[in-house]
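The values are calculated or read from the model by the stated rules, or taken from the named source; none is laboratory data. Bear in mind that the values here come from a model prediction, so they are computed numbers and not experimental data. No Cβ is skipped: glycine too gets one built from the backbone with ideal geometry, and neighbour counts run over all protein chains shown.
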Amino acid sequence: MTGPGDIPMRYPSRYPSPADSEEPGDGGASPPTSADRRCSVCQVVQVSARARYCSDACKQHAYRLRQAAPPAANLGGLTADIQRRKSLAAHTIYECPACETRYLAERRCPDCHLFCRRLGLGGPCPHCDDLVLVAEILDREVTR
């Protein structure tokens, strides 16, 4: 005779419970109990085994954390930090007023022998090696 555990099920569960998937030789590891399950936000012990959050407030808080906008770039703070390190000129892009050629860390145009205008912080583009301003990357207006 076959027992009830030996009869194949017509529609088996797609996601069996931890007790169903437990194998006899797993070393005695017990499935997580409801006391082990905690809220993803506030870490309070949950009542339901299927719940991810303990309340609607925690659910809403988790949603707001996922949808938070990234912090705005602070060019003033970045400039002050580089200035403190005494390397502001090394990261500054200058432009010649006559030939409009951009230079990195060169304050005087070697062709025209004129002093260049300071455009702002920047560096070489990793794709084309042209000099690009941080403000251009952030879609801010460059004042000349």
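Values computed for the structure shown
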item	result
Sole residue being closer than 20 Å to ALA135 by Cβ and surrounded by 12 or more Cβ atoms within 10 Å (Cβ to Cβ), chosen from ARG102, ARG108	ARG102
Residues satisfying the stated conditions in the stretch 85-105, i.e. more than 22 Å from CYS125 (Cα to Cα) and modelled with pLDDT under 80	ARG85, LYS86
Index of the failed condition, LEU88 passing every other in (1) in contact with a helix residue (DSSP H, G or I) (Cβ under 8 Å, 6 or more places away or on another chain); (2) surrounded by fewer than 14 Cβ atoms within 10 Å (Cβ to Cβ); (3) among the hydrophobic types (A, V, I, L, M, F, W, C)	(2)
Test result for LEU138, out of contact with any helix residue (DSSP H, G or I) (no Cβ under 7 Å at 6 or more places or on another chain), touching a residue at least 40 places away in the same chain (Cβ under 8 Å) and aliphatic (A, V, I, L, M)	yes
Residue check, VAL41 in a strand (DSSP E or B) and not small (Gly, Ala, Ser)	no
Conditions (1) of a type outside the set (Ser, Thr, Tyr); (2) at pLDDT 85 or above; (3) under 30 Å from CYS39 (Cα atoms): number failed by PRO124	(3)
Residue list for the stretch 101-115, restricted to those being of a type outside the set (Gly, Ala, Ser) and under 37 Å from the mean Cα position of the chain (by Cα)	THR101, ARG102, TYR103, LEU104, GLU106, ARG107
Criterion: outside the structural domain of VAL41 (by TED's automatic domain parsing), in contact with a strand residue (DSSP E or B) (Cβ under 7 Å, 6 or more places away or on another chain) and of a type outside the set (Ser, Thr, Tyr) - qualifying residue of GLU100, GLU106	GLU106
